[in-house]
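Have a look at the structure below, then the notes.
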Amino acid sequence: MDMPPGIDETSQGIVCRLRKSLYGLKQSHRAWFGRFSQAMQKCGYCPSQADHTLFLRHSQDGRITIVIVYVDDIIMTGYDIEEINKLKINLSKEFDIKDLGTLQYFLGIEVAHSKEGIFVSQRKYVLDLLTETGMLACKLADTPIEQNHRLGEQTDDTPVDRGRYQRLAGKLIYLAHTRPYIAYAMSVVSQFMHEPREVHMQAVERILRYLKSALGKGLLFSKHDNLAIEAYTNADWDGSVSDRRLTTGYCTFVGGNLVTWHSKKQSVVARSSAEADFRAMAHCVCELLWLKILFRDLRITIQGPMRLFCDNKAAISIVHNPVQHDRTKHIEIDRHFIKEKLSQGLICTPYVKTNDQLADILTKGVSSKVFESCQAGNSRYLFSS
C-alpha cells in the first residue's frame, strides 16, 4: 500500500486510516472484471456465451483473435497478428500491462511448443509440492488410488491435522488441471475434508507417491484432420461405502485431443447400474452442448452428431425406447432431455466395450495394468511424458 499524494511520510504522530481496499472487498473481483470487460468491448471484442472470461473478435476476412483472462493474467491468441499487437497497445493505454512473449508458463502450468503440438504439464508444481511435504525421496506408487478401496468415514481411526489435510487436497485439486488420471482419487479424498483420519491422509500421500513416479506427464494437444467431438461416460456400480452414492465420470475429445473431464459423486442413490449410467449420460450431454456453444462462438461448424459412448446397453436402450416408461419414472426428466437431443440430431449414443471404456479411470480405482493401458500410445488418452 502507498501513502496518498501530498502526505508527508516523515511527519511524527500522523497515521492513516484505510477505509477501503481493493483486495479483500467482496465486490472487488466484480469491479475489476467489469472494468476489464468495458475496455475489451471498447476494442471491439465480444464475450463468449460459453465462458464469460473468453473474449472474441472476428475480422471481415474470417480471421479470429481470442483473449482469455483469469483475474489479471491474460492469454492472447489467434490468426491476426496485427490485431493482437493493436490490442496490446490499446490495453496499455487503459492498464499497466507487461508483455511476457510466447506462452510458456501460466498459473503454475508449463506450456511447451513443438512440431508434434502443444504440451502442457505442471512438473515444477509437483516438485515444489513434494519438496514442501518432505516426500521428494518417497517410495513410488503405480496408481494414484488403490484398486477396490473402501474409503469411508472411518470414525474409529486416528484423526489427523485437518488444516494440513485441506491444504494438501486443495493443491492436488489444482494439479488435476493437467493430470486427469488423478481426478477420481481427488474426488474421493475431498469427501473427508471436515474430519480427516489417518487412512485418508495415507490416500493423499499415495497420490503424492504416484506423482513422484510421473513427474513429467501432462497433456499433448496435437493437430488432426478433423474436429469431431466425442465423449465417453460411465458410472461405477459399487458406490461409496458411506452413503452408496455412485460416481459419475466422463471425458470429452475434440479432434482426438482430451479437452474436458469430470469425476464427481452423484447427488442421489441409484437403484440400478442402468440408472447410474443414465444419469452420467445426462451430465455428459450437458458438457457436449456447452462445447457446441463454444464452437458456435468460434464460428466452427461440426459435421454430424456428437458421439456419446456408453458401455451399458440397458441405458442406451432406455434412451431409444420410449415404451419403457414404467421403468424410468424416477429419471423421466433426464430421459426426455437426452431423447430430445437425439431427435434433434445433436448427439448419438454408440455402444463401446467395457475394455475400451476410457471413463473407467474416472469412476473407480483400477489395477495398474488397466491404468497403464489408458496411458498407452494407442489409447485416446494422450498422457505424454
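What follows draws every value from the coordinates through simple rules; no lab data is involved. Keep in mind that what you see is a predicted model, and the values were worked out from it rather than measured. Neighbour counts are summed over all protein chains in view; Cβ atoms, including those assigned to glycine, are modelled from backbone coordinates with ideal geometry.
Calculate log10 I(q)/I(0) of region 108-148 for q = 0.13, 0.26, 0.32 Å⁻¹, where I(q) comes from the Debye formula with a single equal point scatterer on each Cα and nothing for solvent. The Debye formula, applied to the Cα set alone, gives -0.45, -0.90, -1.03. Charging the Cβ of each Asp and Glu at -1 and of each Lys and Arg at +1, and nothing else, the dipole of the chain about its Cα centre rounds to 400 debye. For region 76-128, the fraction of alpha-carbon pairs lying more than 18 Å apart is 50 percent, rounded to a whole number. Computed from the Kirkwood radius of its Cα pairs, the Stokes-Einstein diffusion coefficient for region 17-70 at 20 °C and 1.002 mPa s stands at 167 µm²/s.
Taking the inverse of the mean 1/r over every pair of distinct Cα atoms in the chain gives a Kirkwood hydrodynamic radius of 23.9 Å.
Projecting the Cα atoms of 363, 293, 189 onto the charge dipole of the chain (Cβ charges, centred on the Cα centre) puts 293 farthest toward the positive pole. Averaging the inverse of every distinct alpha carbon separation and then flipping it gives the Kirkwood radius. What is it for region 1-120, in angstrom units? Result for region 1-120, one decimal place: 17.4 Å. Measuring against 23 Å, Cα to Cα, the residue pairs 217/364; 292/339; 292/353; 139/217; 171/264 contain 292/353 as the ones spanning a longer distance.
Taking trypsin sites (Lys or Arg not before Pro) across region 8-102, the ones in a DSSP loop with at most 10 further Cβ atoms lying within 10 angstrom of their Cβ are 17, 19, 20, 26, 98. Modelling each spin label as a point 7 Å along the Cα-to-Cβ direction, I'd like the residue 85/residue 166 distance in nm, to one decimal. Roughly 5.0 nm, to one decimal.
Counted over all Cα-Cα pairs of region 145-277, pairs farther apart than 22 Å make up 45 percent.
When all alpha-carbon pairs of region 147-209 are counted, what percent fall beyond 15 Å? Could the numbers behind the result be given before it?
Working: 858 of 1953 pairs.
When all Cα pairs of region 147-209 are counted, 44 percent exceed 15 Å.
Annotation for residue 18 and residue 146: the two label points, set 7 Å from Cα along the Cα-Cβ direction, are 4.8 nm apart. The relative contact order of region 159-244 comes to 32 percent, based on Cα pairs under 8 Å that sit 6 or more residues apart. Annotation for residue 32 and residue 353: the two label points, set 7 Å from Cα along the Cα-Cβ direction, are 5.2 nm apart. Pair-distance distribution of region 271-373: all C-alpha pairs, bin width 10 Å, starting at 0; shares per bin in whole percent are 13, 42, 30, 14, 1. Across every direction, the projection of the convex hull enclosing the Cα atoms of region 39-104 has a mean area of 4.7 nm².
Springs between Cα atoms under 10 Å define the GNM used for the chain, and in it the highest mean-square fluctuation of 82, 205, 275 occurs at 82. Say we join alpha carbon atoms closer than 10 Å with springs in a Gaussian network model of the chain; which of 51, 156, 311 then has the biggest fluctuation? Evaluated over the chain, the most mobile residue of the options is 156.
Distances between placed amide hydrogens fall under 5 Å for residue 256 paired with no residue 5 or more residues away or on another chain. Nearest 10 degrees is fine. How inclined is helix 162-175 to the longest principal axis of the chain, computing both from alpha carbons? It is inclined by approximately 90 degrees. Of all aspartates and glutamates in the structure, those lying under 14 Å Cα to Cα from residue 369, and not within fewer than 8 positions of it along the same chain, are 142, 146, 356, 360.
Chymotrypsin sites (Phe, Trp or Tyr not before Pro) within region 21-106: which are DSSP loop residues with at most 14 other Cβ atoms inside 10 Å? Walk me through the numbers before you get to the answer.
On the way: sites: 23, 32, 33, 36, 45, 55, 70, 79, 95, 105, 106; in loops: 23, 45, 79, 95.
Of the chymotrypsin sites (Phe, Trp or Tyr not before Pro), the ones in loops of region 21-106 whose Cβ has at most 14 other Cβ atoms within 10 Å are 23, 79, 95.
Dipole of region 1-131 computed with +1 at Lys/Arg Cβ and -1 at Asp/Glu Cβ about the Cα centre; of 64, 111, 15, farthest Cα towards the positive end is 15. Helix 123-133 and the longest principal axis of the Cα set of the chain meet at an angle near 90°.
Relative to the longest principal axis of the chain, what angle (0 to 90°, nearest 10) does the C-alpha long axis of helix 273-297 take? Around 40 degrees separate the two axes. Stretching the chain fully between residue 59 and residue 118 yields a gain of 18.7 nm (0.36 nm per residue, less the alpha carbon separation). Of the peptides 249-261, 127-139, the order by per-residue mean of other Cβ atoms within 10 Å, starting with the highest, comes out as 249-261, 127-139.
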